[in-house]
Amino acid sequence: MVTLEAGDLLFVPRGSPHAVENLCATVAVSGNFVDPSNAEEAALHLRDSALVDPGAADLLRQFVEKGFVGSSTTR
């Protein structure tokens, strides 16, 4: 278990199971980063998520339009 204080940052590597418990009112910022090393995997995740989330479908379409991944990922 880790307790973070104001201003602290925690990096959670890809695929690492984790849980968060806020001990008080909290504002958190998180992000997922996509670069050439994981673009195909991210696109596959977006394809699966697009079944229930229209926003994922839009983002996947942008990936293809910008050439981050091939159109075969959308099938």
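Points to keep in mind about this one:
- Which listed residue is within 13 Å of the chain's Cα centre (by Cα) and loosely packed, with under 10 Cβ neighbours inside 10 Å, from Gly31, Gly7: Gly31
- Filtering region 38-69 to residues that are surrounded by 10 or more Cβ atoms within 10 Å (Cβ to Cβ), without any contact (Cβ under 8 Å) to a residue 12 or more places away in the chain and outside any helix (DSSP H, G or I) leaves Ala50, Asp53.
- Residue match in region 2-13 (condition: of a type outside the set (Gly, Ala, Ser) and assigned to a helix (DSSP H, G or I)): no
None of the figures in this text is laboratory data; all of them are computed from the coordinates on show. Predicted model, so just to flag it, every value in this text is computed and none were measured. Neighbour counts are summed over all protein chains in view; Cβ atoms, including those assigned to glycine, are modelled from backbone coordinates with ideal geometry.
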